[in-house]
1. For the range A:126-175, which positions are of a type in the set (Lys, Arg), assigned to a loop (DSSP other than H, G, I, E, B) and within 20 Å of residue A:1 (Cβ to Cβ)?
2. Please report, ordered by residue number, the strands (runs of 3 or more DSSP E) entirely within the range A:1-72 with at least 1 residues that are touching a strand residue (DSSP E or B) at 6+ places or on another chain (Cβ under 9 Å), of a type in the set (Ser, Thr, Tyr) and touching a residue at least 40 places away in the same chain (Cβ under 8 Å).
3. When the range B:1-29 is examined, which residues are found to be of a type in the set (Gly, Ala, Ser) and within 23 Å of residue B:183 (Cβ to Cβ)?
4. If I go through the range B:91-112 residue by residue, how many of them are assigned to a loop (DSSP other than H, G, I, E, B), of a type outside the set (D, E, K, R) and either out of contact with any helix residue (DSSP H, G or I) (no Cβ under 7 Å at 6 or more places or on another chain) or without any contact (Cβ under 8 Å) to a residue 60 or more places away in the chain (or both)?
5. Is there a residue being touching a strand residue (DSSP E or B) at 6+ places or on another chain (Cβ under 8 Å), more than 14 Å from chain A (Cβ to nearest Cβ) and within 30 Å of residue B:308 (Cβ to Cβ) anywhere in the range B:227-246?
6. What number goes with the only condition from (1) outside any helix (DSSP H, G or I); (2) farther than 27 Å from residue B:113 by Cβ that residue B:69 does not pass?
7. Please return the ranges of strands (runs of 3 or more DSSP E) entirely within the range B:249-360 where 1 or more residues are among the charged types (D, E, K, R).
8. Among the residues in the range B:41-58, are any at pLDDT 95 or above, within 14 Å of chain A (Cβ to nearest Cβ) and in contact with a strand residue (DSSP E or B) (Cβ under 7 Å, 6 or more places away or on another chain)?
Amino acid sequence: MRHEVRFSGFGGQGIILSAVILGRAAVMYDGNYAVQTQVYGPEARGGASMSAVIIDDEPILYPKVTDPDIFVIMSQEGYEKYGVHAKENAMMVLDSSLVHSRPACRYIEIPATREAKQTLGRDIVANIIMLGALVKVTRVVREEAIEKAILDSVPKGTESLNLKAMKLGFELAEKGKIQ
Amino acid sequence: MQGNTACAEGALAAGCRFFGGYPITPSTEVAEHMAAKLPRVGGVFIQMEDEIAGIASVIGASWTGARAMTATSGPGFSLMMENIGFAVMTETPCVLVNIQRGGPSTGQPTMSAQADMLQCRFGSHGDYSIIALSPASVQEMFELTVDAFNLADRFRVPVFLMADEIIGHMRERIEIPDSVPREERKILPKGTPPFRADEGMIPGFPQFGKGYGVHVTGLTHDERGYPCATSPSLHEDLVKRLVAKVESARHEIADYRVTNPEAEVVFITYGSPARTVEQVLHDHPDERIGHLRFRVVWPFPEKALDKFPDAKVFLVPEQNLGQIAREIERHTCIPVVPLPRFGGALHTPAELEKAVEAWR
């Protein structure tokens with residue numbers, strides 16, 4: 001079954017890395033196929049950033065996302081540019097500390113940036129909190145798979161911080177309500 | 001793995017031990033990966049002052065016997081044109097990777113295009129011929145880079161890996177083989193003039209440091225390599241050989257994939273638009289829709305068109321205004337319809353379905 005996941009936020013949040021980690025989890029640890037692509041301008045840092053992953057159990061032909069069924073949105077500009085047209089049965093994971101709008105589709109509020117700062121002391125791991133929440137809500141990859149893929153991808157010395165962030169994402173998703 | 005990384009891995013597997021170039025989006029990851037990996041395998045990475053020097057260093061490295069490459073995109077590719085002609089004239093094996101972005105000029109640095117397909121064939125001055133490959137997946141970024149090195153050494157020509165930003169930057173599943181096929185350069189027998197070509201039209205290569213004295217010049221030269229730039233017949237023979245050694249082997253170099261040979265409406269693609277066509281055929285299995293996908297674009301393998309004897313039309317989606325469609329037109333009597341899509345976007349399956357409907 002084909003899933004199209006779109007990540008959006010501002011440059012520097014780790015929007016592209018999030019997609020790389022998710023694709024890696026699907027391919028290396030769930031044995032599925034995945035294609036990761038991205039859109040970014042020369043202004044990347046600070047500007048709207050978007051990346052996407054397609055996950056399927058059969059080989060992926062057309063590599064671009066056309067109609068995502070899953071969104072991870074981490075900035076208001078990212079929402080306006082890449083999230084506002086989400087189809088009705090899509091699922092959106094919102095960083096409610098940065099996104100003010102709410103979509104017409106199903107969504108869950110995850111205050112990832114606030115929690116990253118207050119609970120973990122580092123807002124840099126907000127994207128990993130979002131990844132944890134995404135996996136808990138959508139099951140698009142297994143929890144063990146995302147954990148291994150995170151450990152593969154983060155800088156040495158930050159493993160436990162990132163795992164804490166992932167677990168915090170799981171918890172926030174469990175506590176949160178799908179609207 | 002990312003396409004650009006797969007290209008670098010393919011180069012390393014093929015035994016490439018020299019990279020000279022200048023980073024440019026969207027090709028930079030090729031250079032980054034080579035910079036990280038080459039020193040660990042005894043190779044050399046040099047970031048030169050610009051792309052002109054980049055290709056010059058590659059030509060020099062190749063003459064020492066090393067498999068050598070560079071990687072760039074549109075603006076850097078334009079700067080390389082003069083020395084590409086030098087590599088052609090001096091019969092220097094080398095691999096040039098162009099991860100194509102939107103042009104002209106600096107254009108769209110981060111967006112995909114296929115608009116350098118004629119430039120790679122004709123961009124340097126004078127008559128000549130080269131080989132150009134076009135990958136449509138991360139797996140092919142690896143495989144065709146390996147092929148590029150083998151073809152370069154076999155034919156003693158610059159070989160171009162003409163990828164696009166979509167394939168260069170996307171990440172997908174790849175399987176890396178334990179070993180790859182390797183074709184060695186034909187060695188020049190001692191005592192033979194260095195540019196004397198046999199029936200195969202390709203001279204043997206003198207081995208660096210083994211006592212060969214060779215004069216390498218971009219001027220028209222005799223078989224000893226010495227300039228002789230005023231003889232019409234010598235120049236004609238040399239240029240004809242440089243073209244013929246590639247063109248006469250074009251059906252051997254040809255590498256393409258045929259789907260539904262009995263089709264009446266046939267897509268012809270190379271690079272990322274192939275993925276859209278594959279999606280259309282997957283979603284609407286129909287033997288009346290065919291697909292010819294080139295992995296080698298130059299020298300142009302016109303006999304591939306004969307694989308579709310019932311074709312009524314060739315539809316050619318490209319990320320340019322119809323560069324290869326124009327070449328196809330030269331070789332067929334049936335209508336050739338360019339389907340340009342550029343500005344960075346890839347043809348969607350819906351767009352190509354509509355194009356098929358228009359010819360039903």
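1. Quick first cut of the range A:126-175, residues of a type in the set (Lys, Arg) only: A:136, A:139, A:142, A:148, A:156, A:164, A:167, A:175.
With the extra rule that they be assigned to a loop (DSSP other than H, G, I, E, B), the set shrinks to A:139, A:142, A:156.
Scanning the range A:126-175 gives A:139, A:142.
2. Working: elements: A:3-10, A:33-39, A:48-56.
Result: A:3-10, A:48-56.
3. Filtering the range B:1-29 down to residues of a type in the set (Gly, Ala, Ser) leaves B:3, B:6, B:8, B:10-11, B:13-15, B:20-21, B:27.
Once the filter is applied, which keeps residues that are of a type in the set (Gly, Ala, Ser) and within 23 Å of residue B:183 (Cβ to Cβ), the range B:1-29 yields B:6, B:8, B:10, B:11, B:13, B:14, B:15, B:20.
4. Taking the range B:91-112 and keeping what is assigned to a loop (DSSP other than H, G, I, E, B), we get B:91-93, B:103-107.
Going one step further and asking which of them are of a type outside the set (D, E, K, R), we end up with B:92-93, B:103-107.
Pick out the ones that are also either out of contact with any helix residue (DSSP H, G or I) (no Cβ under 7 Å at 6 or more places or on another chain) or without any contact (Cβ under 8 Å) to a residue 60 or more places away in the chain (or both) and you get B:103-107.
Qualifying residue count, the range B:91-112: 5.
5. For the range B:227-246, residues touching a strand residue (DSSP E or B) at 6+ places or on another chain (Cβ under 8 Å), more than 14 Å from chain A (Cβ to nearest Cβ) and within 30 Å of residue B:308 (Cβ to Cβ): present.
6. Just one mismatch for residue B:69, condition (2).
7. On the way: elements: B:256-259, B:265-269, B:289-294, B:296-298, B:313-318, B:336-340.
Per the criteria, B:256-259, B:289-294, B:313-318.
8. First, pick out the residues of the range B:41-58 that are at pLDDT 95 or above: B:41-58.
Add one more test, that the residue is within 14 Å of chain A (Cβ to nearest Cβ), and what stays is none.
No: zero hits.
The values are calculated or read from the model by the stated rules, or taken from the named source; none is laboratory data. Here the structure is a predicted model, which means the values were calculated and not measured. Backbone-built Cβ (ideal geometry, glycine too); neighbour counts: all protein chains shown.
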